[in-house]
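Readers should treat all values here as calculations from the given coordinates under stated rules, not as data from a laboratory. As the structure is a computational prediction, the values presented were derived from the model and not from experiment. A quick note on method: Cβ atoms are made from the backbone with ideal geometry, for glycine too, and the neighbour counts reach across all protein chains shown.
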Amino acid sequence: MMIADRLAEVRSRIEVACRRAGRAAAEVVLVAVSKTQPPALIEEAYAAGQRDFGENYAQELRDKAKALSHLAGIRWHAIGRLQANKAKYVAPIAALFHALDDVNTARELGRRAAAVGRVLPCLIELNAGEASKGGVAFDRSASFLESLRGIPGIELRGLMVMPPVSSDPETSRPVFRKTREAAVKLALPDLSMGMTQDFEVAVEEGATLVRVGTAIFGARA
Ligand SMILES: *Cc1c(COP(=O)(O)O)cnc(C)c1O
């Protein structure tokens, strides 16, 4: 199948999930996760109307944004964990940083964004119970948010979560629901949740951004 066909299928599955949940499809941004995929495939997706792309690795994001700077209106999402020393690759470029879980990285992102005259929108990543993964514990989310208040150059927009890998999308539902409740409590509007394995459940539970790679680009090498 061509990328345009896969994209159309993912978009239609998002629409159906929105309808089930009584939501408008325009409330959900599809982020096409292009990590490890060659620029030619991103161009193919762009030609099919896709504008939001997600990358995990800071240097790869920088390199692809440079190589594809001719694609007007393209938006790059930095979705992976980031060390403070790599903030300089993300801050000038990203439309949204999805994985904030560290105050030093937040300061450095803000400093680098301000240096180029912009404010970087950010999401706080919450940890869904796996110690090996990034993210802030749910019960620390309010205090973490407090510790970020007043840092110049960043704007806190919402929460991101990545449930454990599972072949059953329903196992993600309680995690998504809990994340949505946390966002309501913290008065943060955006929710980045749902990947190939579970994006329809995420849409039903209120995702405003879904991050889908494999269902669009096929398996990664
Ligand atoms: C790779 C990745 C995705 C996309 O995963 P797929 O299963 O290919 O859809 C989404 N979010 C993050 C943070 C990722 O690292």
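Summary of computed values
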{"quantity": "Å³ per residue enclosed by the Cα convex hull of region 1-131", "calculated": "140"}
{"quantity": "Amide proton proximity set for residue 29, modelled H, under 5 Å, gap of 5+", "calculated": "209, 210"}
{"quantity": "Within a Gaussian network of the chain (alpha carbon springs, distance under 10 Å), most fluctuating of 32, 87, 207", "calculated": "87"}
{"quantity": "Cα-only radius of gyration and Dmax that characterise region 65-220, units Å", "calculated": "15.4, 45"}
{"quantity": "Local net charge near residue 35, Cβ-Cβ under 15 Å (Lys/Arg +1, Asp/Glu -1)", "calculated": "+2"}
{"quantity": "Directionally averaged projected area (convex hull, Cα atoms, region 6-47), nm²", "calculated": "3.3"}
{"quantity": "Proximal aspartates and glutamates relative to residue 88, as straight alpha-carbon distance under 16 Å, when same-chain residues fewer than 8 apart are discounted", "calculated": "55, 60, 63, 102, 108"}
{"quantity": "The chain, helix-only ellipticity at 222 nm - DSSP H runs n ≥ 4, -39,500 (n - 2.57), divided by all residues, nearest 500", "calculated": "-11500 deg cm²/dmol"}
{"quantity": "Normalised contact order of region 1-160, rounded percent, pairs of Cα under 8 Å and 6 or more residues apart", "calculated": "16"}
{"quantity": "Loop trypsin sites (Lys or Arg not before Pro), region 148-198, which have at most 10 other Cβ atoms in a 10 Å radius of their Cβ (DSSP)", "calculated": "149"}
{"quantity": "Shape category assigned to region 132-221 from the gyration tensor of Cα positions, a/c cut at 1.5", "calculated": "prolate"}
{"quantity": "Dimensions (Å) - region 95-148, Cα atoms, principal axes, largest first", "calculated": "37, 20, 15"}
